[in-house]
Amino acid sequence: MNKQSVRDVSLTGKRVLMRVDFNVPLRDGVVSNDARIRAALPTLQYLLERGPKALVLLSHLGRPKGRVDPRWSLQPVAGRLQELLGRKLQLHFVADCGGPLTQSALAALPEGGILLLENTRFDPGETSNDPAVARSLASMADIFVNDAFGAAHRAHASTVGVAQLLPSVAGLLMERELDYLATALEAPRRPFVAILGGAKVSDKISVIEALLQKVDRLLIGGGMANTFFRAQGLDLGASLVEEDAVSVAENLLKEHARRIVLPTDAILGNSCSQDADVRCIMLKEAVPPGWAIYDIGPVTLQRFAAELRDARTIVWNGPMGVFELAPFANGSNEVAALLAAATATGATTIIGGGDSAAAVEAAGLAGSVTHISTGGGASLEMLEGRVLPGVEALDNRQSDD
């Protein structure tokens, strides 16, 4: 990574503005999954140990569409963060983001105090990267730290606008994300195998095309595999198929047949529900009317295991089926177990955020893989080879020359 990080700058006595990604799920006003909050703790602790004058945290939550909406307040997040920080560190939350209340709270903040501001997206100028919003945020600090990899693909006021106004560096989480994803793409240990799942081919055409230029093998599962099956002329019953993408799938199979590995059997359901009737078929058979493919089958898992056996770098993005429902969770759970086994034998295994990260966590294997990305959209864009605006805006490291 050629961007400066918090390791490269002096923080003592500085007012530090830190963009975090606390876009976490809430249930009944309580944080139901705090993984992204916990992921920010190493950078928070690193900063606080270096004696900043003040630490101001920015984050978005949900999509309130530029207006104040109590459903998307960061107050529950503040409560959970305080619990994780412990009693020795007092977190101050202010229901404002850059306005008069923020200025008053900042003035009253004790030396070395931590201030969490309200949802950045309550202001319509956040998502439009309004220069006035960026200036207001930048006025609070001497240095900007971006640790929100999950928002780095957005050119917003709190990710790009502020970075253009202050000395700007990556946090430890951002640094880790970029190091793993950049290394996997630019200098992978081989064989390099990618696994792609999820519902739609159209969402990942660019990713597929980019990865096929880099990987030794590409394993495809999930609903997106159905579009490839249609390109092969298979009868898929009620399965999800993107008819508009069939020609794309057909061309990809023609050009990269040796590297694309598709499922050979599937788990069917007569409905997408917890109590569905389930059966397994080989995909040379027709899917019966009214039935649909909702997961990969055991023969496919054996094939995937064989393809991963010698892999030294593995990237996985997208579940193998409807993993949220027990009848269709086995494929994703078993792929997670295959990656855990590969990690144990020295492979670098990277989970590309989003649903695949949730699948690994649901399988209880989050601690058994090399790296789980905190940014689904951002990791996808990196896999496509795109430059992330929030990363590009950070200061470059000085050359040794």
Looking only at lysines whose Cα falls under 18 Å of K14's and that sit 8 or more positions away or on another chain, we get K53
Ranked highest first by average number of other Cβ atoms within 10 Å, how do 331-339, 90-98 line up? 331-339, 90-98
If you count, for each residue, the other Cβ atoms within 10 Å and average over each peptide, how do 140-146, 120-126 line up from highest to lowest? 140-146, 120-126
The alpha-carbon pair-distance distribution computed for segment 241-398, with 10 angstrom bins and whole-percent values, is 10, 30, 37, 18, 4, 1, 0
Hull-based mean projected area of segment 261-313, where the convex hull spans the alpha carbons, in square nanometres: 4.5
As computed over segment 202-242, the Cα convex hull volume per residue (Å³): 73
Per residue of segment 333-346, what does 6.51 cos²θ - 1.76 cosθ + 1.60 with θ = phi - 60° give for ³J(HN,Hα)? Whole Hz please, x for Gly and Pro, Karplus curve as stated. 4, 6, 5, 4, 5, 5, 5, 5, 5, 5, 4, 5, 9, x
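Under the definition of Cα pairs under 8 Å and six or more residues apart, what whole-number percent is the relative contact order of the chain?
Dividing the mean separation by the residue count of the chain yields 16 percent.
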HN-Hα couplings for segment 90-102 via Karplus (6.51, -1.76, 1.60; θ = phi - 60°), in whole Hz with x for Gly/Pro, come out as 8, 9, 10, 10, 10, 7, 6, 9, x, x, x, 5, 5
Kirkwood Rh (inverse of mean 1/r, distinct Cα pairs), segment 74-163, angstrom: 13.9
Segments 54-65, 102-113, 366-377 sorted - mean Cβ within 10 Å per residue, highest first: 54-65, 366-377, 102-113
What one gets for segment 50-205 as the Kirkwood radius, inverse of mean 1/r over different Cα pairs in Å, is 17.5
Gaussian network model of the chain, springs between alpha carbon atoms under 10 Å - residue of R87, R176, R154 with greatest fluctuation: R87
Helix axis angle, 35-49 relative to the chain longest principal axis, alpha carbon, degrees: 30
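Every read-out reported here was derived from the displayed coordinates using simple, explicitly stated rules and does not represent laboratory data. Computed from a prediction, not measured in an experiment: that's the story for all the values here. Every residue, glycine among them, receives a Cβ derived from its backbone with ideal geometry; neighbour counts consider all protein chains shown.
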